[in-house]
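The values are calculated or read from the model by the stated rules, or taken from the named source; none is laboratory data. Being a predicted model, the structure only gives us computed values, none of them experimental. As a convention, Cβ positions derive from the backbone with ideal geometry for all residues, glycine included, and neighbour counts pool all protein chains shown.
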Amino acid sequence: MRSNKLFITIFGLLAVLALVTTACGNDDNSDSTVSASTFEGSRATATAALQSAQAKAIAGSVIISGSSTVEPISVRVAELFEPVQPDIEVTVDGPGTGDGFKLFCTDETDISNASRQITDSEAKDCAVNEIEFVELRVGIDGIAVMTGENNPVECVSFNDIYGLVGPESTGFRSWTDAGSLTGLNTSSLPNANLDIFGPGEESGTFDSFVEIVLEDIADKRRQDATTRPDYNANADDNVIIQGIQSSDSSFGWVGFAFAAHASGVKLLEVDGGDGCVGANADTIASGEYPVSRSLYIYVNKAKAADNPAVAAYVDFYMSDEGLGTAVSDVGYVNLIDDAKNDTRDNWAAR
């Protein structure tokens, strides 16, 4: 968890204004027109850029909480937003998706970062408090499944993962114990101590991991869709990685962006039924890597209408710098152009 307060100094507004003026005011037939690719063909992006260029300075604040996975994107957007609005203070923290929705649905935040979609019960809480929101998909992330760098295991199946960390594996102390569950077809796993590190129940990464990997198997086995309770749970992805680094026979999972450049760990390939696939930007973007999920922000409609600072920040989030540069800068996978335009249209239609 971390909190970032960004006080912004303006520069570059004149450059944006000059760009828009060139695009809109060139009356001759010279070659100095702006390429259509400037806005990726998006009406909403062009509108947001024009509004940013013409906007007067705004003073105010934006309060964001929620997913620790999405937190780096929202922080990076705020950093790129610095030249545009010098008097807007943006505060971002990451206690977890579930905790973020608790704050959002009691009107304590303007925007909620989420590494999964809002649940029916959370949406009901928002409705009880008359909080209307718009859901905006902003990027894609894979959940990296990892072990210590010296573990000989290279690939695990969904059945293997269920046998290691599912609800029936409580008390298991060795990787080989995963194969002791009746009717569960697991791989040949080593006879090694099983030290597990992962996010806790407050995390959207926990929810996504359970939904993607464990839920179907648990349902078929008439078990609750959850993990075993007896493992080292933490809301901080970096702490989880440190735990995995501490044991050659560890097992754990975090968002791919946190794991991609970590030392002392091995990213395991995962077999979701179509063979072993490693996690990388290409396999996550294509959906080939089986443990992938979308990332979201949820914006309070009333706050966006009443607070120009919130609207300006989200307008910028919808630009090429937000949905493109910011997402890739922090290691996540960009949406394809059509998906970006869908997100921009959702924001414009609010």
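For the range 171-211, the set of residues classified as assigned to a helix (DSSP H, G or I) and buried (at least 19 other Cβ atoms within 10 Å of the Cβ) consists of 175, 178, 204, 205, 206, 207, 208, 209, 210, listed by residue number. Among the residues of the range 135-154, the one identified as within 24 Å of the chain's Cα centre (by Cα) and over 20 Å from residue 69 (Cβ atoms) is 147.
Tell me whether the range 104-127 contains one or more residues that are surrounded by fewer than 18 Cβ atoms within 10 Å (Cβ to Cβ), touching a helix residue (DSSP H, G or I) at 6+ places or on another chain (Cβ under 9 Å) and not assigned by TED's automatic domain parsing to the domain that holds residue 78. Within the range 104-127, not a single residue is surrounded by fewer than 18 Cβ atoms within 10 Å (Cβ to Cβ), touching a helix residue (DSSP H, G or I) at 6+ places or on another chain (Cβ under 9 Å) and not assigned by TED's automatic domain parsing to the domain that holds residue 78.
This table checks each residue for (1) among the hydroxyl-bearing types (Ser, Thr, Tyr); (2) in contact (Cβ under 8 Å) with a residue 40 or more places away in the chain; (3) part of a strand (DSSP E or B); (4) over 21 Å from residue 238 (Cβ atoms).
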{"site": "270", "(1), (2), (3), (4)": "no, yes, yes, yes"}
{"site": "274", "(1), (2), (3), (4)": "no, no, no, yes"}
{"site": "288", "(1), (2), (3), (4)": "no, no, no, yes"}
{"site": "302", "(1), (2), (3), (4)": "no, yes, no, yes"}
{"site": "309", "(1), (2), (3), (4)": "no, yes, no, yes"}
{"site": "322", "(1), (2), (3), (4)": "no, yes, no, yes"}
{"site": "326", "(1), (2), (3), (4)": "no, yes, no, no"}
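Among the residues making up the range 140-155, those that are surrounded by 19 or more Cβ atoms within 10 Å (Cβ to Cβ), assigned to a strand (DSSP E or B) and not charged (D, E, K, R) are 140, 142, 143, 144, 145, 146, 147, 148. Of all residues in the range 234-261, those satisfying the criterion of being buried (at least 19 other Cβ atoms within 10 Å of the Cβ), aliphatic (A, V, I, L, M) and within 19 Å of the chain's Cα centre (by Cα) are 235, 240, 241, 254, 257, 259. Could we say that residue 90 is in contact (Cβ under 8 Å) with a residue 24 or more places away in the chain, of a type in the set (A, V, I, L, M, F, W, C), crowded, with 20+ Cβ neighbours inside 10 Å and in contact with a Phe, Trp or Tyr (Cβ under 7 Å, 6 or more places away or on another chain) here? Taking the combined requirement at face value, the residue satisfies it.
Per-residue answers, yes or no, for (1) under 20 Å from residue 84 (Cα atoms); (2) touching a Ser or Thr at 6+ places or on another chain (Cβ under 7 Å); (3) in the same structural domain as residue 212 (by TED's automatic domain parsing):
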site	(1), (2), (3)
263	no, no, yes
270	no, no, yes
312	yes, no, no
317	yes, no, no
322	yes, no, no
329	yes, no, no
332	no, no, no
342	no, no, no
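The set of residues in the range 169-211 being in contact (Cβ under 8 Å) with a residue 24 or more places away in the chain, closer than 18 Å to residue 157 by Cα and β-branched (Val, Ile, Thr) consists of 186, 196.
Residues in the range 298-325 that are charged (D, E, K, R) and over 23 Å from residue 126 (Cβ atoms): 320, 321.
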